[in-house]
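Take a look at the structure set out below.
The values are calculated or read from the model by the stated rules, or taken from the named source; none is laboratory data. Since we're looking at a predicted model, the values are computed, not measured. Virtual Cβ from ideal backbone geometry, glycine too; neighbours counted across all protein chains shown.
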Amino acid sequence: MDADDQARAAWEAAYGAAPQRDVPFSTMSGVDLPPLHGDGPYPGQFPYTRGIHASMYRSRLWTMRMFAGFGTAADTNARFRELLRSGGTGLSTAFDMPTLMGRDSDSPWALGEVGRAGVAVDTLADVEDLFAGIDLGAVSTSMTINGPAAVVMAMFVAAAEAAGVERARLSGTIQNDILKEYQAQKEYIFPPRPSVRLVSDLVAFTAAEMPRWHPVSVSGYHIREAGSTAVQELAFTLANGFAYVEAAVAAGLAVDDFAPRLSFFFNAHSDLFEEVGKFRAARRIWARWMRDRYGATDPRSHMLRMHAQTAGVSLTAQQPRNNIARVSLQALSAVLGGVQSLHTDAYDEALALPTEAAARIALRTQQIIAHETGVANVVDPLGGAPFVEWMTDEVERRAEEIFDHIDEAGAGSMLEGVYAGIEDGWFVGEIAEASYRFQREVDAGERIIVGVNAFREGNEEGEAEILRIDPRVEEEQLARLAAVKQERDDAVVAAALGRVRADAADPSTNLLPALIDAVRTYATLEEVVDALASVFGRYEESAVA
Amino acid sequence: MSVVERPRVVLAKVGLDGHDRGLRVVTRMLRDAGIEVIYLGLRQTVETVVAAALDEDADAVGLSLHNASHMTIAPRMVEALRGAGLDIPVIVGGIIPEVDVEPLRDAGVAAILGPGTSAGDVAAAVRGAVSGRADRGGRSTGS
């Protein structure tokens, strides 16, 4: 048997051992569909270009994980329950700006922003309300937070354990990707190096105590939303992933002890074949670097698992219902690219947070792709198409050029190269340049945006109903926070914060145990963040543009 | 009509929101259009923006707001500038729902630039707001 015959036999064995969804794998004309077309490399095999599983969506559809959060914890809890009732299969939490920046709702910085762009979380009490009545042992939960990720993770563990769910049973993801904050999203608190220590502490803590948890979701989504190209998104994100691997190894972890739990988050933008090529190239690059450069031997360490979200920045405020078509095509690119989990944007998100009705259409869009189009019936249905394979190769080649630049800037360390690119503004500059180039092309009419620079007839203002956040949210949240502060024992809080400061000053100590103890005293998010900042300092971007 | 030949505009994001793509693009659009931009960047307060406008003898202030805080922050900016004796226009860009446009105008915001506004329209809006002020006796050259 030659090598391809062996690989084929291995794929057939893996495919045969996988469960099958209970649906007919045939077309509407009754044509039975073989699961895979073409020769190797095979899905579920190195370098995983065609998918990380042998059977992909023939066994299980991707997780339809809708991002939600607004107002108070109780408001968001109600939206979570509605999404689960509507057939959502995972939860994803959006926090408000003050929470993302480690500020309490009663901070002067929080004025006008409490509960506006996500849910407000000040103390453990809010996290308890957020997941009230939801079995955290049964539903996987994603939390999109970065600067104060370790503190919010501590609250999540404490809330789950108070509800009787042991930490080892918790499954889900915390974004916890601080490097892209300095490059794109700008929701940083501490300087890069102590921030990366917090990431490594969370990686080590979950590797030891939470085997079902993904401690980092290395995120290109925000890099793309900030204006990067698809190639930059891919390259910067994977470079950040390599940086976290190097940081965790430097902290004393063995690569195969944590790499299987790293996950990724990419943007699904409008250029359909470039996007498909990007998703496929991402898996291939990661597999090769993890094996060859970082010496990972566990195949699970080679597999890049990814969540995708359709491109919020592509949505137009003009003719907002057109966004349903954009989202459908972007979601299709993610499914054809073989993602494990997907969020589809609601058509009204160029105007405000989604209404419940618009969020439901977005979920229904995924369900239509999954159940009506047939694209989930065949593994990597575009694999082998000359254009798709060429695009995959081309995206990969261009990403490798960017890795060379970063590696050189770090003198052979991707972690140091990423730090260098943050410190000298290289990432920010590259992204700004790309977004400006795109905007000029749009202004010149070279790139058509339907309803914006072409086909503007029928631009009706106020076409979409939008979600308004009731101003009472801020008052309610402030009252809630005041009540929690009233009831707690301040001396206990102060002692716990003292331990956080002491552990922060000792880089050899994992901070998570002290953080969990601190949040259990109902220390607020800002109090804990301030304790960390007293040791770590705060980061400010130099205002260059 | 009086014309400020090379207007000076202070651009900033007030509050915690980190989405600065729009502000950076607008900065370059305006500079290409011959308008001088004092770029303050992220995490400014109303007070730091007023101080910069005073220090720089600015002709206008531009705020980028994407986090639904515009109804709180934009009117405060207008009041704070007036309180400091600066009669210069405030221009707001970002995700501003249609229903909020009229109330923002009533609060004294000079121009509201929504998503999809072209470079030419941004520059024209800034020049228009500044020349409106020049007509009322602001810093200007020519006649």
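Here are a few things to note about the model shown:
- Test: residue in region A:466-481 that is closer than 30 Å to residue A:71 by Cβ and of a type in the set (S, T, N, Q): yes
- When the test is whether a residue is among the acidic types (Asp, Glu), out of contact with any helix residue (DSSP H, G or I) (no Cβ under 6 Å at 6 or more places or on another chain) and under 30 Å from residue A:127 (Cβ atoms), residue A:475 passes it.
- The listed residue being away from every other protein chain (no Cβ under 14 Å), crowded, with 24+ Cβ neighbours inside 10 Å and either over 22 Å from the mean Cα position of the chain (by Cα) or hydrophobic (A, V, I, L, M, F, W, C) (or both), out of A:97, A:155: A:155
- The numbered conditions (1) under 30 Å from residue A:428 (Cβ atoms); (2) part of a loop (DSSP other than H, G, I, E, B) are all true for residue A:528 except (2).
- Enumeration of residues in region B:28-62 that are under 16 Å from residue B:75 (Cα atoms) and free of Cβ contacts under 8 Å to residues at least 60 places away in the same chain: B:44, B:45, B:46, B:47, B:48, B:49, B:50, B:61
- Flag if residue A:371 is modelled with pLDDT of 95 or more, within 26 Å of residue A:172 (Cβ to Cβ) and away from chain B (no Cβ under 14 Å): yes
- Test: residue in region A:269-282 that is farther than 20 Å from residue A:392 by Cβ, assigned to a helix (DSSP H, G or I) and in the same structural domain as residue A:184 (by the TED database): no
- Scope region A:325-340; condition assigned to a helix (DSSP H, G or I) and closer than 30 Å to residue A:214 by Cβ; matching residues: A:326, A:327, A:328, A:329, A:330, A:331, A:332, A:333, A:334, A:335, A:336
- Close pairs from region A:342-353: first without any contact (Cβ under 8 Å) to a residue 60 or more places away in the chain and facing chain B (nearest Cβ under 8 Å), partner among the polar types (S, T, N, Q) and assigned to a loop (DSSP other than H, G, I, E, B), Cβ under 7 Å, at least 6 apart: A:350/A:316
- Test: residue in region A:459-469 that is of a type in the set (Asp, Glu) and either surrounded by 20 or more Cβ atoms within 10 Å (Cβ to Cβ) or more than 14 Å from every other protein chain (Cβ to nearest Cβ) (or both): no
- Residue in region A:113-128 that is within 14 Å of chain B (Cβ to nearest Cβ) and among the acidic types (Asp, Glu) present: yes
- Boolean, residue A:294 is surrounded by fewer than 24 Cβ atoms within 10 Å (Cβ to Cβ) and either closer than 17 Å to residue A:45 by Cα or not charged (D, E, K, R) (or both): yes
- Against the list (1) at pLDDT 95 or above; (2) at negative phi; (3) within 21 Å of the chain's Cα centre (by Cα), the condition residue A:91 fails is (1).
- Residue match in region A:2-16 (condition: assigned to a loop (DSSP other than H, G, I, E, B) and on the phi < 0 side of the Ramachandran plot): yes
- Looking only at region A:129-142, and only at residues there that are over 21 Å from residue A:469 (Cα atoms) and buried (at least 19 other Cβ atoms within 10 Å of the Cβ), the one that is nearest to the other protein chains (Cβ to nearest Cβ): A:142
- Restricting attention to region A:324-338 and to residues that are of a type outside the set (A, V, I, L, M, F, W, C) and over 20 Å from residue A:435 (Cβ atoms), the residue that is surrounded by the fewest Cβ atoms within 10 Å (Cβ to Cβ) turns out to be A:328.
- Residue within region A:353-367 that is in the same structural domain as residue A:88 (by the TED database), part of a loop (DSSP other than H, G, I, E, B), acidic (Asp, Glu) and farther than 20 Å from residue A:140 by Cα present: no
- Of all residues in region A:402-416, those that are without any contact (Cβ under 8 Å) to a residue 60 or more places away in the chain have Cβ atoms under 9 Å from Cβ atoms of residues that are in a loop (DSSP other than H, G, I, E, B), 6 or more apart or on another chain, in A:407/A:413; A:409/A:424; A:416/A:410.
- Within region A:68-94, the set of residues being more than 14 Å from chain B (Cβ to nearest Cβ), hydrophobic (A, V, I, L, M, F, W, C) and crowded, with 22+ Cβ neighbours inside 10 Å comprises A:68, A:73, A:80, A:83, A:91.
- Number of positions in region A:180-239 that are away from chain B (no Cβ under 14 Å) and touching a residue at least 12 places away in the same chain (Cβ under 8 Å): 37
- Contacts under 6 angstrom Cβ, first residue in region B:115-128 being within 7 Å of chain A (Cβ to nearest Cβ), partner buried (at least 19 other Cβ atoms within 10 Å of the Cβ) and part of a helix (DSSP H, G or I), 6 or more apart: B:119/B:29
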